1. For A:Glu4 and A:Arg74 in the same chain, what is the full-extension length gain: residue separation times 0.36 nm, less their Cα-Cα distance, in nm?
2. Could you pull out which residues in the stretch B:519-548 have an amide N less than 17 Å from a spot 7 Å beyond the Cα of B:Leu12, following the Cα-Cβ vector?
3. Nearest 0.05, what FRET efficiency do A:Ala63 and B:Tyr759 give at R0 = 45 Å with Cβ-Cβ as r?
4. Just the accessible area per residue of the protein assembly as shown, please: how many Å² with a 1.4 Å probe?
5. In the stretch B:342-363, what residues drop by 40 Å² or more of accessible area when the other protein chains are put back, versus the chain on its own? Use 1.4 Å, and skip ligands and nucleic acids.
6. Could you state the orientation-averaged shadow area of the convex hull built on the Cα atoms of the stretch B:104-226, in nm² to one decimal?
7. With labels modelled as points extended 7 Å from the Cα through the Cβ direction, what inter-label distance (nm, one decimal) is found for B:Ala813 paired with B:Asp533?
8. Largest first, what is the accessible-area ranking of B:His399, B:His407, B:His478, A:His25 with a 1.4 Å probe?
Amino acid sequence: MTAETDESNQSLWFVIAAPIAWAAHFVASYATAAVWCERFAGRDGSLRPARLAIAAYTAVALAGIGLVAARAWRRRQHGGGVEAFDADTQLGRHRFVGAAALLLAALSAVATLFSALAAALIEDCR
Amino acid sequence: MNDDEPADLQPLAEAPSEEVQRGQRERLLAAWKMPVGWRGWSAVNNTAVGKWYMTAAFGFFLFGGVLALLMRIQLAIPDNHFLSAERYNQVFTMHGTVMMFLFAIPMFEAFSIFVLPQMLGARDLPFPRLSAFGFWSYLLGGTFFCGSLLFNVAPRGGWFMYPPLTTRYQPDLGADFWLLGLSFIEVAAIAAAVELIVGVLKCRPPGMRLNLIPLYAWYLLVAAAMILFAFPPVIAGSLLLEVERAFHWPFFDPARGGDPLLWQHLFWLFGHPEVYVIFLPSVAIVAMIVPTFARRAVVGYSWIVLAAVGTGFLSFGLWVHHMFTTGLPGISLGLFSAASEAVAIPTGIQLFCFIATLAAGRVTRSVPMLFAYGGLASFVVGGLTGVMVALAPFDFQAHDTFFIVGHLHYVLIGGSIFPVVGGIYYFYPMFDGKRLSESIGRAAFWLAFTGFHLTFLPMHLTGLRGLPRRVYTYPAGHGFDGPNLVSTIGAFVLAAGVLVFVYYVFRPKKNEPTCPRNPWNAGSLEWLQEMPDQPWGVRSIPEIDRRYPLWDQPDFVRDVDEGRFFLPDAEEGKRETLVTSVIDARPVQCLRVPGPTFVTFWAAVFTGGSFVASTFHWWAAALASAVLALGTILYWLWTGTAIIPEKDEKPVGLGVTLPIYVSGPASVGWWAMFITMLGDLTAFVCLVFAYFYYWTIHPDFARAAAQGPGTFWPLLGGGALLASWALTLAARRLNRGDRASAFYAALSTAVVLAVMGAYALIAGPLRTGLDPTRHVYPAIVWMLVVWTVIHVGLGVVMQLYCLARRAAGRMTARHDIDIANVALYWHFTALTVFVTVAVIAGFPGVA
């Protein structure tokens, strides 16, 4: 059984999980709105179904980012949260990766909310 | 603490005897010796290739600068006739294109090829020959492209090449130069990106964990990954546009169902991230300069990593802000406006980190810092006008005016050129062991800085007064005259600054003293370099414990120089460097890297030849050149890669013994294949995106889709190709089990199935009579099929290659790099086949 901080239990993907959630949310929102307006509603139609879908995407994305953030926070606080981020130890590296992932989760959450705001404010396909 | 981990290795307590050290140095020197005389051009050492690459990029920069001056002369006074409208169009198109494709991106890649191994304490990058191939491709492609201006056939559709301007209205060769010349260079850029990603992830010195990596390497990793996802869209787009121009497939022709807006999507999906691909490595240089002159560690390391990674992601959500005036629905504008505002957050964070570092340190005055200050201050102005134009209503007013020209030059010159020039000043001692003059540097800076603001600040005003971009002249008396004259004067002052800088960089410095080692008293690893430098890079590969080892690790330089760390010797006379693990940089392999060769040069010549011939539509010559290129590359791979070593493992020092030959995910070649194929997959996704884009805009898509290609042939082809994939995987396993005859049988059958499958895929649209020139639907179906078949074709070559390698004894059960990488390639090909069949045969049924 290796320690949680051991490199065999780590992956760089963890660091970029939250931004990937933002990207998925962004692409899904854009595609949904564009296809809805172009193919179904027409240029004067209502955006309502697309907005509901974007609201749902936002909930899912924020939940995912929240999960990542919670895990990142636990990593950041691992071992009592005292080891320096630049320490030459597994624990220091582990805490650093947690901190970086946490910051990225915060940024991703803000960016996701920014996108959601566009859908909250715009009501039709014009 | 339950986190038990192996203790760090310490350098040898006692230095090896003087005699032993002398022997080690001699052997290292022999292994890493640069070829001399005319053979010097066969060098592949990162220092040589990096210097050539930088010099070439700088040459293209000066060329682009001269074009800018021509434009400024033309615009100095109203109704001027210095350049004709046609010439002016060529000049602004070339200026933008040269600066973006031939200067900004190659410059950072060149710089990184030079400096990254030093920063990582590596002897070289993992694929030195790939760097050389990239350089030669770039030089040939760039020269060919720029030559078009001399023959008055230069592209003149703007650096973004919008159809229908570049299809119906400019049917001459100009756009072909752009599409084919640049695609060739983009391939070179992707090659360099692969090299740099693998370098950062796998070639760090032992102990350089993720939290100890120099910030430059973080930025570089992000920028190179961005290239991987940003360049394929423009390559896919160029493919569509060139096929439309050469063969009349109507991808962007509305009369036959195409849509010019699709080009804008694909172009800007590349074009906007590109800005950040240029910006991030330049900030990375600042991130190396600032701590050195603040005399302290950078403040907020993890915040800067956040900024680099965050910017990398968000920059892919901005592309539509170049299309705000194309009439897209408000919601689309809103989404992209939101992301364009969000990207200001990480961009701002890193600037605050630098300010905090400077505030917390004891700053010494120096020319590199001057350029860093000037660059960041100018960039902030460009960033703020960027926030303005990210707001759609403001953009509606400013779009296509000189306001945008002012904005983008503040971003690119402030965010990129000033830091790069500061970086050249800072790193110059590493290039030839001399320092550049401080007083001349200050003069160059103030000239360039004053000239820059004098040129571009008035453009905001002329833009707001309504002067459109890309128009060769303007009438008098509309308030454009004064500011334009000021801009022109400023441009010449800026040019004077550049000239001063160029003269002092390139003038002979034989009589000047060699500068001391680590002349700036920096803390980062690259300043370990001896003055003048040695071809081996580092004398021994150190164990890293700190972010600034030169400041914080006692006796560090002595221990490296006396060979007290890893690989202090080249016993077998081979070029060797260490490969380490991704997270904690534990040594995992002693990698042998190849030496000088001309094969990369010829590979670039033949590859380039096929692009050049295609430009002039000499199809037979293009094909012949492509075959020669394939042959050269196969020879290169056959003789230079996956070489079976004379022994399995070797001691690398400090009691560590490492394997020399590893395959699969542990090997750098597997990573390179994986990363390359991610880029390739991105281009394919863009083609699939095009298919669905056409579905979105065509209410009668289902009727068009009823014509073909049907389901029978695509399913048959898909089945055969997936079987070929499965057999390739089986062959990998059989090879590993050393069952030679079963291996040959499986892989030969795979070849046959692949050929048959490719034929069946083509038969689908062929037998249902889909004519790609009639309408966009058959065109996009054909394009997906052709793309897939080309990949299958390459896959067949690889399968045959593996058969030959095993037969020649160059691949064995234990030494199976070739088949492992080919199997990986086939994973991606299988995915491509699956998606293609699902789309062309499956989607019409549900549409």
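The values are calculated or read from the model by the stated rules, or taken from the named source; none is laboratory data. The model shown is predicted, which means the values in this text are computed figures rather than measured ones. Here the Cβ positions follow ideal geometry from the backbone for every residue, glycine too, while neighbour counts run over all protein chains shown. Just the protein is used for accessible areas: all its heavy atoms, side chains included, with ligands, DNA and RNA removed. Shrake-Rupley method; radii C 1.70, N 1.55, O 1.52, S 1.80 Å.
1. Values: separation 70, 0.36 × 70 = 25.20 nm, distance 1.15 nm.
Between A:Glu4 and A:Arg74, full extension yields an extra 24.1 nm.
2. It comes to B:538-543, nothing else.
3. On the way: r = 48 Å, r/R0 = 1.07.
Efficiency at R0 = 45 Å is approximately 0.40.
4. Values: 35010 Å² over 973 residues.
With the other protein chains kept in place, the protein assembly as shown gives 36 Å² per residue.
5. B:Ile345
6. Numbers: hull surface 33.0 nm².
About 8.2 nm², averaged over all directions.
7. Going by the 7 Å Cα→Cβ label model, 4.5 nm.
8. Working: B:His399 55, B:His407 30, B:His478 110, A:His25 5 Å².
Output order, biggest surface exposure first: B:His478, B:His399, B:His407, A:His25.
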